[in-house]
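Engineer: Below is the structure I would like to discuss, written out as structure tokens.
The values are calculated or read from the model by the stated rules, or taken from the named source; none is laboratory data. Please read these numbers as outputs of a predicted model, since none were measured by experiment. Positions of Cβ are backbone-derived with ideal geometry, glycine not excepted, and every protein chain shown enters the neighbour counts. The protein model used for the area step is the full one, side chains on, heavy atoms only, and it has no ligands, DNA or RNA in it. Shrake-Rupley method; radii C 1.70, N 1.55, O 1.52, S 1.80 Å.
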Amino acid sequence: MTILTKTCTPFEGQKPGTSGLRKKTRAFMQPDYLECFVQSVFNAIEGVSGKTLVVGGDGRFFNAEAIQTILRMASANGAARVIVGQGGLLSTPAASNLIRQRKADGGLILSASHNPGGIDADFGLKYNIANGGPAPEAITDRIFAETTSLSSYATLETPDLDLDTLGTVALGDMAVEIVDPVTDYAALMQSLFDFDAIRAMFADGLTLRFDAMHAVTGPYATAILEDQLGAPKGTVLNGVPSVDFGKGHPDPNPIWAKPLVDMVMSEDGPDFAAASDGDGDRNMILGKGVYVTPSDSLAVLAANAHLAPGYARGIAGVARSMPTSGACDRVAKAMGVECFETPTGWKFFGNLLDAGRVTLCGEESAGTGSDHVREKDGLWAVLLWLNILAVRKMSVRDILMDHWQTYGRNYYSRHDYEAVDSDAAHGLMADVTARLESLPGQSFRGCEVTSADQFSYHDPVDGSVSHNQGLCLSFKGGGRAVLRLSGTGTEGATLRVYLERYEAPDGDLTIETQAALAEIAGAVAQITDLAARTGRTAPDVMT
Ligand code: VG1
Ligand code: CO
């Protein structure tokens, strides 16, 4: 088969963000755009000759076409084997698992995660390394450098492969192995959790609703929750993946998964409910009448993980991203295990997990995971919660209340200002950065700033340093605000304001969240001159 070398001109802005390259789908569909990025990835990892790769995506619009392009290029670049999910589907945690199980050299995951899908929505692509986790910054920097100087790429001229039939086929000299996307992942889950106890709990009548949001988790959730664990048919909602996620926004939070939240808040709502995102790595946890913030969920899971067989030996430590609340820090302290604060994005957890320093990781954006893979994992979090419920035989609400009464409560909320004018958002950040040194000691709306700094991360495992990872303001009395710009958006800039306040176990544990954080939010508005700079008087999304 003839390998074609095509000349190309570099595209601007192919810089991987928090989680790979995310752009408008139409940008990815331009001639050569995807090809240039894929060739840059291959070049950045010293080629793929003789290597095995895992490829799959969340099934969004352009997933199928992009996979065919990637397969042709992998073959033309000399790869030995590509393992691909049937129909081109793999959830992000399942891809991470396959890379590890099959000892692949790396993988390409096609997803823009929680961003909407469709020809006028978003698409994305990221490279994961041999440990199954997202490429660290050293590699994404190399990929970006390649994109700026690329002059040619290699591909084949072949018809599309049928990816719907399981088995191995040849593409040039490369083997393409089409695997069931669910099987290996489901086996991993079974090895970690007490499926019998969870099955018994469903048989006893516990009611669950899992909203797959028309995204990739549908087949996984149906196979595991309904077929293996015996939850009644209909437990999984919106379980068939569609290219535009049912025209929805596959972000599992109280805004985009509102129907599920309304359901658990109603009289006859289910005992437990959960949702996951486009690529299946995020989770939202709900109990009858209660929403569990992701930061609290991480803390509860850390405190109770030992109740599941896979974690019976206890946890080595916990890591959370800097904007995530300090709730898990209190659990780690009480358990006498290490707790790490990393920048936003799962790529920063990999070294800690590989080194055995931490067992659980989490982010405020609805990501929780463990050392079982090197990605966050939505369904895993749901199963760990189910295992804990099966052992403790308490409601979600009671478990949460018990947790706060033991450790205190970190009131927490994130306010997002989306599609803000990019210059205005960068100007706001630059202005606060310039004033960081003068802020401590000053009061804003009655809140005194005690410290103000820019977060830099020093990786304790490989010694690398990542600067400019968000602005952190601490207030007298233990309140905190974090400001950063999103690295996953595709339109203008998204300003994220993270707010937190701690209340001790004997304090008031039942304040409405936004009311509990109103003073700090007011202080941030004044410090940043937010309304004048962005033209916004209220956030677009509050989670
Ligand atoms: C967001 C979240 C971050 C998460 C990232 C990828 O990044 O805040 O916690 O790791 O998305 O998640 P940003 O830069 O927009 O704040 V996923 O599930 O979209 O791959
Ligand atoms: Co995701």
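Engineer: Select from segment 479-527 those GluC sites (Glu not before Pro) which occupy a DSSP coil region and have at most 16 other Cβ atoms within 10 Å, ordered by residue number.
Structural biologist: Numbers: sites: Glu491, Glu500, Glu503, Glu512, Glu519; in loops: Glu491, Glu512.
Taking segment 479-527 and a limit of 16 other Cβ atoms within 10 Å, the loop GluC sites (Glu not before Pro) found are Glu491, Glu512.
Engineer: Mind checking the per residue accessible area of the chain for me, 1.4 Å probe, whole number of Å²? Working shown, then result.
Structural biologist: On the way: 19900 Å² over 543 residues.
Averaged over the residues of the chain, the accessible area is 37 Å².
Engineer: Of all DSSP beta bridges located in the chain, what percent are antiparallel, nearest 5? Kindly include the intermediate steps, with their values, before the conclusion.
Structural biologist: Values: 64 of 93 bridges.
In the chain, DSSP labels about 70 percent of beta bridges as antiparallel.
Engineer: What list of ³J(HN,Hα) couplings, whole Hz, do you get for segment 180-187 from phi and the Karplus terms 6.51, -1.76, 1.60, once you set θ to phi - 60° and write x for glycine and proline?
Structural biologist: Calculated HN-Hα couplings, in order: 5, x, 9, 3, 5, 5, 4, 5 Hz.
Engineer: When ranked by the protection proxy of mean other Cβ atoms within 10 Å per residue, highest first, what sequence do the peptides 468-481, 59-72 form?
Structural biologist: Numbers: 468-481: 19.0, 59-72: 22.2.
Final packing ranking: 59-72, 468-481.
Engineer: Would you mind getting the Kirkwood hydrodynamic radius of segment 185-407 from its Cα pairs, rounded to one decimal in Å? Intermediate results must be reported in sequence, preceding the final value.
Structural biologist: Working: mean 1/r = 0.0582 Å⁻¹.
Result for segment 185-407, one decimal place: 17.2 Å.
Engineer: Right, next: Can you give the Rg to Rh ratio for segment 257-342, taking only C-alpha atoms and Rh from Kirkwood?
Structural biologist: Rounded to two decimals, Rg over Rh is 1.03.
Engineer: Please work out whether segment 165-244 counts as rounded, prolate or oblate from its C-alpha gyration tensor, where a ≥ b ≥ c are the square roots of the eigenvalues and a/c under 1.5 means rounded, while otherwise a/b larger than b/c means prolate and anything else oblate?
Structural biologist: Working: a/c = 3.78, a/b = 1.78, b/c = 2.12.
Cα axes put segment 165-244 in the oblate bin.
Engineer: Check Val55: other-chain or 5+ apart residues with amide H under 5 Å from its amide H, H built from backbone geometry?
Structural biologist: Ile83, Val84, Gly85, Leu108
Engineer: At 7 Å along the Cα-to-beta-carbon direction for both Asp184 and Ala203, put a label point, then send me their distance in nm to one decimal.
Structural biologist: Taking the two extended label points, one gets 3.2 nm.
Engineer: Show His458, His306, His372, His214 ordered by accessible area, largest first, where the area counts protein heavy atoms only and the probe is 1.4 Å.
Structural biologist: Largest to smallest exposure gives the sequence His458, His306, His214, His372.
Engineer: Okay, moving on. Treating cross-link reach as a plain straight distance, find the lysines whose alpha-carbon is under 25 Å from the alpha-carbon of Lys103, omitting any fewer than eight places away in the same chain.
Structural biologist: Of all the lysines, those that pass the test against Lys103 - Cα under 25 Å, at least 8 places apart if same chain - are Lys51, Lys126, Lys347, Lys376.
Engineer: What translational D, rounded to a whole number of µm²/s, comes out for the chain from Stokes-Einstein when the hydrodynamic radius is the Kirkwood one over Cα pairs, at 37 °C and 0.692 mPa s?
Structural biologist: On the way: Rh = 23.8 Å.
In µm²/s, the coefficient is 138.
Engineer: Sticking with this one: Using Cα pairs under 8 angstrom and six or more residues apart, how large is the relative contact order of segment 185-407, in percent? Spell out each step's value before the answer.
Structural biologist: On the way: 448 pairs, mean separation 45.9, N = 223.
Relative contact order, segment 185-407: 21 percent.
Engineer: Helix-derived [θ] at 222 nm for the chain: sum -39500 (n - 2.57) over DSSP H runs of at least 4, divide by residue count, nearest 500?
Structural biologist: Details: 17 runs with 172 residues, N = 543.
Result for the chain: -9500 deg cm²/dmol, rounded to the nearest 500.
Engineer: Of the beta bridges DSSP finds with both residues in segment 3-181, what % are antiparallel, to the nearest 5? Intermediate values should be presented prior to the final figure.
Structural biologist: Numbers: 20 of 35 bridges.
Close to 55 percent.
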